[in-house]
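What follows is a short report on a single structure.
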Amino acid sequence: MASLDLSAYFRRTGFEGAAQADLASLRALHFAHATSIPFENLAIQMGEGVSLDLDAIQDKLLRRGRGGYCFEQNSLFLAVLREVGFEAEPFEARVRGGEQVRPRTHMLLRVRLPEGDHLADVGFGGEGLLHPVPMDGEVHPQFGRAYRVGEEGALRVLQSRQ
């Protein structure tokens, strides 16, 4: 099992201070990651292999300074959150487009906090979240956009308004 190089992660993302398993740290870590490690799917486009092994992800995103796609980004972020002490779990998700039901090709995270569950997603790219979103059904503004996690039957849906 690979070990996480938290110091290298903090250097890459520019995160400073003491990380602890609380809402303030979650917001700061999420923002630092989302604004420092870009979405990138070049490896897939170039026919290179993509590994979800933590060592391979750290080599690509931390040591070589590359970006990654959602599974790489959120796998690394999940490892960071767990190392800091957060209770976090990964989920597969669908990205909607029109009326067509698409396969689950996206990864995001649910983080449990005393303030309530939060959806974290550092791997969506330019239209993605800069801060985690409380999963409370309320609208949460972020830098000129607004997000909420709504319910559609048994499903949870991240909605955005620009």
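The values are calculated or read from the model by the stated rules, or taken from the named source; none is laboratory data. The structure presented is a predicted model; accordingly, all values stated were derived computationally and were not measured. Cβ sites come from the backbone with ideal geometry, for glycine too, and all protein chains shown count toward neighbours. Quick note on the areas: whole protein, heavy atoms, side chains included, nothing else; ligands and nucleic acids left out. Shrake-Rupley method; radii C 1.70, N 1.55, O 1.52, S 1.80 Å.
Each residue in the range 68-91 was checked for being in a strand (DSSP E or B) and of a type in the set (Asp, Glu), and 2 of them qualify. Is it the case that VAL80 is open to solvent by less than 20 Å² (accessible area, probe 1.4 Å) and either modelled with pLDDT of 85 or more or of a type in the set (Val, Ile, Thr) (or both)? Yes.
Within the range 1-13, the set of residues being among the basic types (Lys, Arg) and open to solvent by 90 Å² or more (accessible area, probe 1.4 Å) comprises ARG11 only. Residues to consider are GLN162, GLN73; find the one that is modelled with pLDDT under 95 and either open to solvent by 20 Å² or more (accessible area, probe 1.4 Å) or not aromatic (Phe, Trp, Tyr) (or both). Only one candidate qualifies: GLN162.
Within the range 110-135, the set of residues being open to solvent by 80 Å² or more (accessible area, probe 1.4 Å), over 19 Å from LEU76 (Cα atoms) and charged (D, E, K, R) comprises GLU115, GLU127. Taken together, the criteria exclude GLU16 from residues that are closer than 22 Å to GLY125 by Cβ, open to solvent by 60 Å² or more (accessible area, probe 1.4 Å) and not in a helix (DSSP H, G or I). Give me the pairs, please: first residue somewhere in the range 33-60 and basic (Lys, Arg), second residue anywhere and part of a loop (DSSP other than H, G, I, E, B) and surrounded by 14 or more Cβ atoms within 10 Å (Cβ to Cβ), beta-carbon distance under 8 Å, and either six or more positions apart or on two chains. Listed pairs, sorted by first residue: LYS60/ARG66. In the range 43-58, the residue that is least open to solvent (accessible area, probe 1.4 Å) out of those that are assigned to a helix (DSSP H, G or I) and at pLDDT below 85 is ALA43. The residue that is modelled with the lowest pLDDT, counting only those in the range 85-109 that are surrounded by fewer than 18 Cβ atoms within 10 Å (Cβ to Cβ) and within 25 Å of ALA19 (Cβ to Cβ), is PHE91.
Evaluated against (1) over 16 Å from SER75 (Cβ atoms); (2) surrounded by 17 or more Cβ atoms within 10 Å (Cβ to Cβ), ARG27 falls short on exactly one condition, (2). Scanning the range 119-141 for residues that are more than 30 Å from LEU42 (Cβ to Cβ) and either in contact with a helix residue (DSSP H, G or I) (Cβ under 7 Å, 6 or more places away or on another chain) or not β-branched (Val, Ile, Thr) (or both) yields PRO134, MET135, ASP136, GLY137, GLU138, HIS140, PRO141.
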